[in-house]
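Heads up: the structure comes next, in structure tokens.
What follows draws every value from the coordinates through simple rules; no lab data is involved. This structure is a prediction, so every number in the text was calculated from the model and none was measured. Note: ideal-geometry Cβ built from the backbone for every residue, glycine included; neighbour counts use all protein chains shown.
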Amino acid sequence: MVNQDEFENSKFKIKSYGITELGLMYNPSLQPDSAQKALNRWIAYNKELTEALHNTGWRKGQRKFTPLQTMQIIRFLGEPS
């Protein structure tokens, strides 16, 4: 499991994000629906990320990520640009 200390020097704010909001951070040139679908695909294709999210209580179709789930996404995908 990841902890908040790993992100103390990060410029990215760890908080609860909607899936579309976070998807747009990773894909700013896409339309909101496409950005959300892209993030969902990345999660689905990355089995380790999917497992880490499931371990935090995440379920497919969930519309918001908790701060802990956001940390897992950043851990596997890196910070959005």
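Based on Cα contacts under 8 Å between residues 6+ apart, the chain shows a relative contact order of 39 percent.
Each of Leu30, Leu22, Leu68 was scored by other Cβ atoms within 10 Å of its Cβ. Listed from fewest to most, they are Leu30, Leu68, Leu22. Mind telling me which of Lys64, Lys11, Lys37 comes out most flexible in a GNM of the chain, alpha-carbon contacts under 10 Å? Result: Lys11 has the largest fluctuation of those listed.
When both the stretch 38-54 and the stretch 62-81 are represented by their alpha-carbon centers, they are found 10 Å apart. For every helix of n ≥ 4 consecutive DSSP H residues, a contribution of -39,500 (n - 2.57) applies; sum these over the chain, divide by its total residues, and give [θ] at 222 nm rounded to the nearest 500 deg cm²/dmol. It comes out at -15500 deg cm²/dmol, rounded to the nearest 500. Under 5 Å between amide hydrogens, built in the peptide plane, is the criterion, and for Gly18 it picks out Phe65 among residues at least 5 positions away or on other chains. The simple spin-label model puts a point 7 Å past each Cα toward its Cβ; for Arg63 and Lys11 those points are separated by 3.2 nm.
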